[in-house]
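The values are calculated or read from the model by the stated rules, or taken from the named source; none is laboratory data. The model shown is predicted, which means the values in this text are computed figures rather than measured ones. Methodologically, a virtual Cβ is constructed for each residue, glycine included, from the backbone with ideal geometry; neighbour enumeration extends over all protein chains shown. The protein model used for the area step is the full one, side chains on, heavy atoms only, and it has no ligands, DNA or RNA in it. Shrake-Rupley method; radii C 1.70, N 1.55, O 1.52, S 1.80 Å.
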Amino acid sequence: MKIFLVGFMGCGKSTKAKQLANLLECPVIDIDSVIVEEQGMSIADYFAAHGESAFRRLESEMLKSFHYPETCVVATGGGLPCYFDNMDWMNAHGITVYLEMTAPQLVSRLHNREKRPLLKGMDDEQLLTFIVDKLEERNQYYRKAKLSINSFDLDAKMLLDGIRRKEEG
Ligand code: S3P
């Protein structure tokens, strides 16, 4: 089983991916970290040097060319499902899970904005407006996931139970 976690920045994809991988005793792959390692620079520096379009091409290439183990949990960047055919590709290669949160919940969790190029310099009010607008645009992609679940207070074990139920039926 390959589990792809999708959702907005700050919804807890990386943390939940690690917890799920611990429960399943399988590797965890974080596409952003793979890019950072391969490029030898942070995502913010990559955006600054090459621009967003180049980043979108690169993350799509990474997603599709990575050699995934048979069982693994994959954390994706918040924008990844919304470009090219990435969401369809993930649906064809594993089980996709949308870790959903409301805009105010996301604001309350997005403290470190400087490392995220799209959020740089925003105060809480600007961030809330940005998230509301972006969620409206992105939800059509996120909602293609096989399972959508509010992840604000979500225990990894409950998440895994939900995924298994979806897999079975
Ligand atoms: C992005 C989310 C980031 C990262 C990049 C762009 C987005 O990943 O891929 O900064 O467009 O939502 P996280 O969701 O892990 O912060």
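The gain in end-to-end length when the residue 22 to residue 42 segment is fully stretched comes to 4.6 nm, 0.36 nm per residue minus the alpha carbon separation.
From the alpha carbon centroid of the stretch 98-166 to that of the stretch 25-94 is 17 Å. Relative contact order of the chain: 34 percent, from C-alpha pairs under 8 Å at least 6 residues apart in sequence.
In order along the stretch 103-113, the Karplus-derived 3J(HN,Hα) couplings, from 6.51 cos²θ - 1.76 cosθ + 1.60 at θ = phi - 60°, round to 4, x, 4, 5, 4, 5, 9, 8, 8, 7, 8 Hz, and Gly and Pro are given as x. If R₀ is 22 angstrom, what is the calculated FRET efficiency for the pair residue 49 and residue 128, using the beta carbon separation as r and rounding to 0.05? Between residue 49 and residue 128 the formula returns 0.15. Approximating the spin labels as points 7 Å out from Cα along Cα→Cβ, the residue 118-to-residue 14 distance works out to 1.6 nm. Distance between the 7 Å Cα→Cβ label points at residue 1 and residue 150: 2.4 nm.
Using only Cα positions of the chain, each an equal point scatterer, no hydration layer, compute I(q)/I(0) via Debye at q = 0.19 Å⁻¹ and quote the log10 values to two decimals. With no solvent term, the Cα-only Debye profile gives -1.35.
For the chain, modelled as a GNM whose springs connect Cα atoms under 10 angstrom apart, the maximal fluctuation among 110, 63, 20 occurs at 110.
Computed in the context of the full set of protein chains, the accessible area of the stretch 1-92 at 1.4 Å probe radius has 49% of its extent on carbon or sulfur. Peptides 23-34, 50-61, ordered by how many other C-beta atoms sit within 10 Å of their residues on average, highest first, read 23-34, 50-61. For residue 29, the residues whose amide H sits under 5 Å from its own are 73, 74, 75, ignoring neighbours fewer than 5 places away on the same chain, with H placed 1.01 Å from N. Sketch the reach of a paramagnetic label on residue 34 as a point 7 Å from Cα along Cα-to-Cβ, and name the residues of the stretch 97-133 whose backbone nitrogen lies under 20 Å away. Inside the label zone: 97-99. Helical runs (DSSP H, four residues minimum) scored at -39500 (n - 2.57) apiece and divided by the length of the chain put the mean residue ellipticity at 222 nm at -16000 deg cm²/dmol. Net length available on complete extension from residue 65 to residue 109 is 12.7 nm, with 0.36 nm assigned per residue and the Cα-Cα distance removed.
Remark: for residue pairs 2/120; 64/115; 16/166; 120/146; 120/157, the C-alpha separation exceeds 27 Å in 2/120; 120/146; 120/157. Per residue, the accessible area of the stretch 1-149 comes to 48 Å² when a 1.4 Å probe rolls over the protein heavy atoms.
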